[in-house]
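Take a look at the structure set out below.
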Amino acid sequence: MGVALRMLAFMVCVMPSTQPGQTSIATWYGCRAGALSLSFDDNSWDRPLEASILEEYGFRGTFGVVVGKMPSGYVEKIQSLFLAGHEIASHSWSHIDLTNASETVIHTEVVESKAAIEALTGAPCVTYIYAYGYWRNGVRDAVTDHYICARGAWQWQADNPLGAPVNSATGGDIYNLTINPFPEASGEPWADEVFLECLHDYVDHVLASNAWGIEMLHNLGQTNTTTTIREDVLRRHFEELAAMSDRALWVAPIGTVAKYYLERHQTQVEQAVTKPNFTVLRLTVGLDPNIYDVPLTLQTDVPIEWNGGTIAVEQDGMPLQYEMQIQPTSARLVYDVSPVSSYILVYYEPLVGHPE
Ligand SMILES: [Zn+2]
């Protein structure tokens, strides 16, 4: 290599580049390590209380409603939960065992229950919760045709891959989403510490495997069982989740996390143009925007020199909020975009020195 060429190579290496690098979609919203959904099955009268406890900690839950068994006055409760940001999922029409059910019965349980919920909320009902966790034969087919995801009652087991929560490495079965395990020892009811430790271990596993966990809850009660939980125990659990939810854990309803998960898989981010000081990204989303409305978190690597200049991030000309994460030798812009096909501009204007 000639001296001149070597000099050029040297200069290319040491000259600070102002060109942005790769952009990717974060595995979970807000670049969090894992996601957790809190779901409540059946038609408990305590729903407004449970919803208010969730809201105290900044959470929104999924309430699985048995449409054909709502007592009078329940419709108004469900509507107010929906307006507060909670998800209303279908937990079937009548909660019957569908083992040998006809197609007509399955249609009522799965399809008509969805239509009834949509009439109550005026929004798409995207999540189905199988009664008794039963999902085989025609039930699952009907659910797949009409919902974006479904939760069963299969408990997570560390040594059984079928029970694994959806995770970033291996994916998972979005039409038979699994739930938290319950303590094995000594049977119900469980001592507070035993129950809390079991939930804690599950959330630990979710975070360690970049996964999406789902807790199956039913009602508040005087003891801890598969269908009841003491209010003080629920609060202690939520306190722990809230402490993790700022950076590590994304707590959101089942349908919200499912939308994000599917959007992430159905969205392509290409660099249309990349030059010093800016990049234009083309976002191509292959999903119905009437259903898929959860913002996607993008992360764009940028040179450390960008820290200190003026930065703008725009989606189709509209300015977006961003956060800059600084590492010792690199920086990353993190921002949320609407999941619609569009152009994203990431732009940097160097600081202009003061005139001497
Ligand atoms: Zn149930």
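Rule-based calculations on the coordinates, nothing more; no lab input. Just so we're clear, the structure is a prediction, and the values are computed from it rather than from any experiment. Here the Cβ positions follow ideal geometry from the backbone for every residue, glycine too, while neighbour counts run over all protein chains shown.
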Each residue of the range 316-331 in order: what ³J(HN,Hα) in whole Hz does its phi give by Karplus 6.51 cos²θ - 1.76 cosθ + 1.60, θ = phi - 60°, with x for Gly and Pro?
6, x, 9, x, 10, 6, 9, 10, 9, 9, 9, 10, x, 10, 9, 9
For the chain: rounded, prolate or oblate by the Cα gyration tensor [a/c cutoff 1.5]:
prolate
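Given the Cα-Cα distance of Thr170 and Tyr347 and 0.36 nm per residue of separation, how much length would full extension add, in nm? Before the final figure, lay out the partial values.
Working: separation 177, 0.36 × 177 = 63.72 nm, distance 3.50 nm.
Length gained between Thr170 and Tyr347: 60.2 nm.
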Given the rule -39500 (n - 2.57) for each run of at least 4 DSSP H residues, summed and divided by the residues of the chain, what is its mean residue ellipticity at 222 nm, to the nearest 500 deg cm²/dmol?
-8500 deg cm²/dmol
Dipole axis of the range 33-246 (+1 Lys, Arg; -1 Asp, Glu on Cβ), positive-most option in Gly187, Ala51, Ile129:
Ile129
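Can you compute the charge dipole magnitude of the range 171-330 about its Cα centre, using +1 on each Lys and Arg Cβ and -1 on each Asp and Glu Cβ, nothing else charged? Give it in debye, rounded to the nearest 20. Intermediate results must be reported in sequence, preceding the final value.
Numbers: 8 positive and 23 negative charges, 106 e Å.
Roughly 520 debye, rounded to the nearest 20.
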Report the charge-dipole magnitude of the range 265-323 in Debye, nearest 20, computed about the Cα centre from +1 at each Lys and Arg Cβ and -1 at each Asp and Glu Cβ.
160 debye
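Fewest first, what order do Thr274, Thr127 take by the number of other Cβ atoms within 10 Å?
Details: Thr274 16, Thr127 30.
Least to most surrounded, the residues fall as Thr274, Thr127.
For the range 247-321, what is the relative contact order in percent, using Cα pairs closer than 8 Å and at least 6 residues apart in sequence? Each step should come with its number before you reach the end.
Values: 49 pairs, mean separation 17.1, N = 75.
Computed over the range 247-321, the figure is 23 percent.
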Picking from Ile117, Thr23, Tyr335, whose Cα lies most toward the positive end of the charge dipole for the chain (charges on Cβ: Lys, Arg +1; Asp, Glu -1)?
Thr23
Neighbouring Cβ atoms within 10 Å as the yardstick, rank Lys259, Lys69 fewest first.
Lys69, Lys259
Rounded to the nearest 0.05, what FRET efficiency do Asp232 and Ile326 give with R0 = 51 Å and r taken as the Cβ-Cβ distance? Could you check?
0.80
With Asp204 itself left out, Lys, Arg at +1 and Asp, Glu at -1 over residues whose Cβ is under 11 Å from its Cβ give -3
Leaving out same-chain residues fewer than 8 places away, which lysines sit with a Cα under 20 Å from that of Lys259?
Lys114
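Taking K and R as +1 and D and E as -1, what net charge do the other residues with C-beta under 13 Å from the C-beta of Glu118 add up to?
Numbers: positive: Lys114; negative: Glu87, Glu112.
Summing Lys/Arg as +1 and Asp/Glu as -1 gives -1.
Only four residue types carry charge here, +1 at the Cβ of Lys and Arg and -1 at the Cβ of Asp and Glu. Report the dipole size of the range 33-246 about the Cα centre in Debye, rounded to the nearest 20. It would help to have the intermediate numbers written out before the result.
Numbers: 11 positive and 30 negative charges, 112 e Å.
Computed charge dipole of the range 33-246: roughly 540 debye.
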Sequence of Val105, Val285, Val206 once ranked by neighbouring C-beta atoms within 10 Å, starting from the fewest
Val105, Val285, Val206
